[in-house]
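Enquirer: My structure is below; once you've seen it, I'll send some questions.
The values are calculated or read from the model by the stated rules, or taken from the named source; none is laboratory data. Predicted, not measured: the structure shown is a model, and the values here were computed from it. For neighbour counting, all protein chains shown are included, and Cβ atoms are generated from backbone atoms with ideal geometry for every residue, glycine included. Surface areas here come from the heavy atoms of the whole protein model, side chains and all, with no ligands, DNA or RNA. Shrake-Rupley method; radii C 1.70, N 1.55, O 1.52, S 1.80 Å.
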2 protein chains.
Amino acid sequence: MSIMTPKITRFLTQNDPATPCLIVDLDSVEQQFSTMKHHFDGASIYYAIKANPAPAILKRLNALGAFFDVASLGEIQQCLAAGISAEKLSFGHTVKNTHALREAHKLGVSLFAFDCEEELHKIARYAPNSRVFCRLTVLNTGADWPLSDKFGTTTDHAYELMLQAEQLNLKATGLSFHVGSQQTSAEAYQQAIAQASTLFQRLQSQGLALDLLNIGGGLPSHYTRSVPDIDYFSTAINQALSEHFPHQRPRIMLEPGRALVGDAGVVRSEVVLTSRRGGAPTDPRWVYLDIGRFGGLAETEGEAIRYRFRTPHDDTSHSQSPCIIAGPTCDSVDVMYEKNRMTLPDELASGDKILILATGAYVSTYCSTGFNGFAPLNEYYI
Amino acid sequence: MSIMTPKITRFLTQNDPATPCLIVDLDSVEQQFSTMKHHFDGASIYYAIKANPAPAILKRLNALGAFFDVASLGEIQQCLAAGISAEKLSFGHTVKNTHALREAHKLGVSLFAFDCEEELHKIARYAPNSRVFCRLTVLNTGADWPLSDKFGTTTDHAYELMLQAEQLNLKATGLSFHVGSQQTSAEAYQQAIAQASTLFQRLQSQGLALDLLNIGGGLPSHYTRSVPDIDYFSTAINQALSEHFPHQRPRIMLEPGRALVGDAGVVRSEVVLTSRRGGAPTDPRWVYLDIGRFGGLAETEGEAIRYRFRTPHDDTSHSQSPCIIAGPTCDSVDVMYEKNRMTLPDELASGDKILILATGAYVSTYCSTGFNGFAPLNEYYI
C-alpha cells in the first residue's frame, strides 16, 4: 500500500508547509471510494464524516455518489453547506439532543438510529414518521479501537423496540451494528450478520419486514501493524450475507470513515527536542514532536493506534534504537508511545521534519482548540 | 468551600445560557489569588495560564500583581495581548521549539526552564544571556494527575547542566520542580525542597550562587474527594523552606493554575439521554451529557478527576443510584465515569440541566475544535 503519493511528495517539496500540518490527497480518497464501491457492489456507502469533515472531502465524495453518516446537527450543517442533500444523510448516532433532532427533521433528514426506549420516544416526538434503525451490540473482538460498551442493545430488547417503533408511527426500517474501529478480523462481521438475520426473521414472523441492514464501519487503515486487504473483508461479508439472507438480501449500508480517508493523509511534524532523561547514554531516549495527543493524535491514547513515521535518516546506513515519543504540551499524559516504544534513527534531533503516515482520519477534529497555546494544525486538501 | 457563588447563580437565572457552557466568577479568582499571596508571603505567584488563558482572567490577575507562567509562543502572545509585560513572564515549559525561543527572546522574555543538554544549547543559541532554571524530577506521590516521567532530570545531571549553563553565557538562576497536579499531600513539597537545597549547596561550593527556587504548581481544587486547605500546604512548605534554607531563603516562585481558577468555574450541561443498555431494570444506567472528554472534560481520562454534579433532583426526597456518565460523541472512549460510577438521582432524564462544579481549570482549552460536529463550549467570565 503506497501512502506517500507523488502528489503529497510534490506538495511538500514545493510548499515546505509550516508544521504541524495535515495534507490529504483527494485522489486517494476517490480511489478508495471506488475500490469500496467495487467490492461491495449494490451497497450504499455512507461516509462517516466524523473521520474528517473537510468540505473538500465531502464535495468530492458527494460528486461520486456517496451517502453520509452524521453524528450531530453540526455535521448535518457541514454536509448541507457542502451541497449534499438531506435525503442522502443518516443520523447514525444513537444519542441525539432534542434540539438536533427537531432541526434535523426540519432540514429533511429522515433516517435515524436508536438503541433505547427514551431515544425512540424522542425521535417519535421530534422527528415524527421517520425511518429508524436499531443498533445491536455485537462483539468487537479484533478491533484496535473497540466500541461495544457505550452503544447498542441486545437482540431481545431490539425486538421489542422495533415493534414499539411501529406503534409510535415510525417506520421500523432496519438494524445496524458496529464491529469496532480499525477492525482487523472479518469474523466479527460474520457473527454480527448472523445475529442480525435471526432478528430479521423474528420480526418477519410478527409481520414486520425490515429492508435495511447497516453493517457500520470498522474497516482498517494501514498503520504499523499489517492488516488484511479489502478483498478479504468483502469476500467474507458478501458470503455471510448470502448465507444468512438466502432469499432476499436487504439494502446494505456501510459507514466507512477511517477506511476512506485514513490512508490518504500525512501529518508533517517537527522534532522539538530529543533528550535522555537523566543524561546518561543508558537512560531512555525521549523524542518530543510538535504534535501530540492534544494536537490531533488523540487515537494514540492507550497506544491504541500506532502510526508509521518517516524521518530524514531512514536509510539503513543510520543506526536506530527504541525511543519514547511525546507531544509538545507540558501535560504528562501527552505521551504517545512509551510502553511500546518506537524504533527511530539515533541521529534524530530537534529541527528535523518527520512525516506521520495514514493520518487522514480522526486527526483534524480531535485537535484541541488551543491547549498550551498551540493553535490547531493547518490542513491542506490537494 | 462554597463554589456556586451568588453571582454565578444569578447569571444562570437571568441568562439561561445554552449548554454546554462554562461560567467563571472573576471575583472568586481574585479572592483565591489574595488568599495565596497571604499564605505565601514574599513569594512571586506565576499564574500557569494553560489552566485557563481567558483574557478576562489574565487582565484581572495582572492588575493584582501576578506574574505568568507560559508554555508556548501562543501563550506569550496571549499575555502580551492582555497588556502583560514580557518581564513578568516565565517560559516554564522545558520543551520549546526554536521558533518560539527566538520570538520569545525578541519579545523580551528572559526567564526560561530547561532539563536537558539539547534544550540548554537551544536557549543559549536562540535566547542568549537569558536567566535559566533547571527542572528536577521529584516524587509525585499524592497527585491525582502526576507529571513525573516526561519532564525533569536527576540532581546529578542538573548539577552538571547548571555549571554548563554558565559556560554558555546563560545566567544559571535557580531550580524548579513540580510535585504533580491536584496534589493532596504536602510531603511531596517537603521532600522536593530538601532535594533542591542539597543542590543549591553543591553549586554554592563551586562558586555558583543560585537565587531562585520555583516550587511549581500542584495545589488542589475541590472535586469529589475532600482535599486539605491551603493553610496545611503553606505551613508545611514554609517550614520546609526555613529548615532547608536556614541562612538565606532564595526568591520563591509558585506556579498555581488549577488552584487559582479551578473552583471559580461551573459548567452547565444538558442530559441528552438516559438509558439502561439492554432495557432491563437491572442493566447499568447510562447518563449521556452534552459535554464529555472531547468537549472539555479531558481530565476525566482514567477517571482521574472526579467532578461534583448538581442536578434538579438533588434533595433527599428523591432516590439515587449509581450510573455511568458518558459524553455526547459516538466515540466509545468518551465515557467519563464507568469503573467508579457516580451516584445521581434516578429521575434524571433527557433535557435536565445539570451543573458540574470546579471546572474553571483545564476545560476550555482541552476542548476539541469540533469532534463529531460539536462546537467548542461557550465561555462566560463574569
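Enquirer: Over all residues in B:107-116, what is the mean tally of Cβ atoms on other chains that come within 10 Å of each residue's Cβ?
Expert: Details: counts 0, 0, 0, 0, 0, 0, 1, 2, 5, 9.
Average neighbour count from other chains, rounded to a whole number: 2.
Enquirer: For A:T235, go 7 angstrom from Cα along the Cα-to-Cβ vector, then report the distances to that same point in the other copies in nm, smallest first.
Expert: So the label point of A:T235 gives 7.5 nm to the other copies.
Enquirer: By how many nm would the segment from B:Q204 to B:A304 grow when fully extended, if each residue of separation counts as 0.36 nm and the alpha-carbon distance is taken off? The partial results should precede the final answer.
Expert: Working: separation 100, 0.36 × 100 = 36.00 nm, distance 4.05 nm.
So the chain would gain 32.0 nm between B:Q204 and B:A304.
Enquirer: On to the next question. Between copies, how far apart are the A:S319 label points? List them in nm, one decimal, shortest first, with each point 7 Å from Cα toward Cβ, please?
Expert: Label-point separations across copies, in nm and ascending: 6.9.
Enquirer: Counting DSSP beta bridges with both partners in the protein assembly as shown, what percentage is antiparallel, nearest 5? Mind dumping the intermediate values first?
Expert: On the way: 49 of 114 bridges.
So the antiparallel bridges amount to about 45 percent of the total.
Enquirer: Would you mind checking the radius of gyration and Dmax of the stretch B:26-260 based on alpha-carbon positions, in Å?
Expert: Here Rg and the maximum Cα pair distance are 16.8, 49 Å.
Enquirer: Follow-up question, since we're still on this one. Quantify how strongly other chains surround peptide B:88-99 by giving the mean number of their Cβ atoms within 10 Å of each of its Cβ atoms. Could the numbers behind the result be given before it?
Expert: Details: counts 0, 0, 0, 0, 1, 6, 4, 14, 5, 11, 5, 6.
Going residue by residue through B:88-99 and averaging, the value is 4.
Enquirer: If you don't mind, there's one more thing I want to ask. List, by residue number, every residue in the stretch A:346-379 with a reduction of 30 Å² or greater in accessible area between the chain on its own and the complete protein assembly, 1.4 Å probe.
Expert: When all protein chains are present, A:S350, A:T365, A:Y366, A:T369, A:F371, A:N372, A:G373, A:F374 each give up 30 Å² or more of accessible surface.
Enquirer: Restricting to the stretch A:26-260, what percent of DSSP beta bridges are antiparallel, rounded to 5? Walk me through the intermediate numbers first.
Expert: On the way: 2 of 27 bridges.
About 5 percent, rounded to the nearest 5.
Enquirer: With only alpha-carbon pairs counted, each pair once and no self-pairs, how large is the Kirkwood hydrodynamic radius of the protein assembly as shown in angstroms?
Expert: On the way: mean 1/r = 0.0363 Å⁻¹.
Result for the protein assembly as shown, one decimal place: 27.5 Å.
Enquirer: How much accessible area is lost when chains B and A come together, counting both sides, with a 1.4 Å probe, in Å² rounded to the nearest 100? Show your work: numbers first, answer last.
Expert: Working: alone 16260 and 16250 Å², together 27430 Å².
Interface between B and A: roughly 5100 Å².
Enquirer: While we're looking at this one, here's another question. Return the single residue from A:A326, A:A81, A:A172 with maximal mean-square fluctuation; model: Gaussian network over chain A, springs between Cα atoms under 10 Å.
Expert: Of A:A326, A:A81, A:A172, the Gaussian network model singles out A:A81 as fluctuating most.
Enquirer: Oh, and also: Please report the relative contact order for the stretch B:26-260, taking Cα pairs under 8 Å with a sequence separation of at least 6, and give it as a percent rounded to a whole number. Write out the running numbers ahead of the final one.
Expert: Working: 450 pairs, mean separation 47.2, N = 235.
After rounding, I find 20 percent.
Enquirer: For chain A, give the percent of accessible area contributed by carbon and sulfur heavy atoms, probe 1.4 Å, rounded to a whole number.
Expert: Heavy-atom surface of chain A belonging to carbon and sulfur, 1.4 Å probe: 48 percent.
Enquirer: Shifting gears a bit: On average, how many beta carbons from a partner chain sit within 10 Å of the beta carbon of a residue in A:68-79? Intermediate values should be presented prior to the final figure.
Expert: Numbers: counts 0, 1, 3, 8, 10, 3, 6, 4, 1, 1, 2, 1.
Rounded to a whole number, the mean comes out at 3.
Enquirer: Would you kindly compute the Cα radius of gyration of the stretch B:43-150 and its largest Cα-Cα separation (Dmax), both in Å?
Expert: Every Cα atom of the stretch B:43-150 included, Rg and Dmax give 14.1, 39 Å.
Enquirer: Using the Kirkwood radius over Cα pairs, work out the Stokes-Einstein diffusion coefficient for the stretch B:75-117 at 20 °C and 1.002 mPa s, in µm²/s as a whole number.
Expert: Numbers: Rh = 10.7 Å.
Estimated via Stokes-Einstein, D reaches 201 µm²/s.
Enquirer: Summing Lys, Arg as +1 and Asp, Glu as -1, what charge do residues with Cβ under 12 Å from the Cβ of A:A71 carry, A:A71 excluded?
Expert: On the way: positive: A:K50, A:K96; negative: A:D69, A:E75, A:E255, B:D331, B:D334.
Residues close to A:A71 contribute a combined charge of -3.
Enquirer: From the label point of B:A280, set 7 Å from Cα along Cα→Cβ, how far away are the matching label points in the other copies, in nm, ordered shortest to longest?
Expert: 5.7
Enquirer: Mind listing P(r) for the stretch A:132-196? All alpha-carbon pairs, 5 Å bins, whole percents.
Expert: 4, 19, 25, 21, 14, 9, 5, 2
Enquirer: Highest mean first, how do B:47-59, A:336-348 rank when packing is the count of other Cβ atoms within 10 Å averaged over residues? Present the calculation step by step, with values, prior to reporting the outcome.
Expert: Values: B:47-59: 24.0, A:336-348: 16.2.
Highest to lowest by the protection proxy: B:47-59, A:336-348.
Enquirer: Further, regarding this structure: How would you order A:317-325, B:89-97, B:106-114 from highest to lowest mean count of nearby Cβ atoms within 10 Å? It would help to have the intermediate numbers written out before the result.
Expert: Values: A:317-325: 14.8, B:89-97: 25.8, B:106-114: 21.0.
Packing proxy ranking, top to bottom: B:89-97, B:106-114, A:317-325.
Enquirer: I would also like to ask the following. When Rg is the radius of gyration of the Cα atoms in the stretch A:263-381 and Rh is its Kirkwood radius, what does Rg/Rh come to? The partial results should precede the final answer.
Expert: On the way: Rg = 13.8 Å, Rh = 14.6 Å.
That ratio is 0.95, to two decimals.
Enquirer: Using only helices, what value at 222 nm comes out for chain B when you add -39,500 (n - 2.57) per DSSP H run of length 4 or more and divide by the total residues, to the nearest 500 deg cm²/dmol?
Expert: -9000 deg cm²/dmol
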